[in-house]
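Visitor: The structure's right below; bear with me while I get my questions together.
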Amino acid sequence: MEPAGWLYAGFPNAWYAAHPLRARSLSLRAASASVRAAGLTDVQPYVLLPDQTCPAFLIGAGRRHELDYFLSQLFFPYSAARTARAALLRGFLLSALAGLAKRSPHAVRVHLAPALALVARRPA
């Protein structure tokens, strides 16, 4: 193994309102602790949207302005549902969650995001 390098790890958020505590999900705190325990430093958190399997947007979780901009200018309630009714319901749910997120404190928005990621550095 190389003595230095970078790690990117994306994962479903354990506290996401639409899928709380789903299998293989982690909280940001648990993931950060694991990465730090492995000896990595400079850990930077990100919010992934729409999810960790195909993140279209990586939004820095450290400052609220990036997420504010995304929610007010870039968010759209996309749904890949198989039926029109399911897509419509999912769109309403996503729009409602985005509306709540716009009015929530930044720490709550990050805590309840659908997916998260960490970028960390292994020092030389």
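Each reported figure results from applying straightforward, stated rules to the coordinates on display, with no laboratory input. Everything numeric here is computed off the predicted structure, so don't read it as measured data. Heads up, the Cβs are rebuilt from the backbone with ideal geometry, glycines too, and the neighbour counts pull from every protein chain shown.
Visitor: Note down all Cβ pairs under 8 Å where the first residue falls in the range 39-50 and is without any contact (Cβ under 8 Å) to a residue 40 or more places away in the chain, the second is part of a strand (DSSP E or B), and they're at least six residues apart or on different chains.
Guide: Partner pairs satisfying both residue conditions: none exist.
Visitor: Which one of these does TYR69 not meet: (1) among the aromatic types (Phe, Trp, Tyr); (2) assigned to a helix (DSSP H, G or I); (3) closer than 19 Å to ALA17 by Cβ?
Guide: It is condition (3) that TYR69 fails.
Visitor: Given the structure, is ARG85 surrounded by 14 or more Cβ atoms within 10 Å (Cβ to Cβ), among the basic types (Lys, Arg) and either in contact with a Gly (Cβ under 6 Å, 6 or more places away or on another chain) or free of Cβ contacts under 8 Å to residues at least 60 places away in the same chain (or both)?
Guide: no
Visitor: Same structure, new question: Based on this model, can you work out whether ASP42 counts as of a type in the set (Asp, Glu) and in a loop (DSSP other than H, G, I, E, B)?
Guide: no
Visitor: State which residue is surrounded by the fewest Cβ atoms within 10 Å (Cβ to Cβ) when the search covers only the range 13-69 and only residues that are hydroxyl-bearing (Ser, Thr, Tyr) and closer than 22 Å to SER104 by Cα.
Guide: Restricting to residues being hydroxyl-bearing (Ser, Thr, Tyr) and closer than 22 Å to SER104 by Cα, the top hit is TYR69.
Visitor: I need a count of the residues in the range 72-92 that are hydrophobic (A, V, I, L, M, F, W, C) and closer than 18 Å to HIS19 by Cβ.
Guide: Counting residues in the range 72-92 that are hydrophobic (A, V, I, L, M, F, W, C) and closer than 18 Å to HIS19 by Cβ gives 6.
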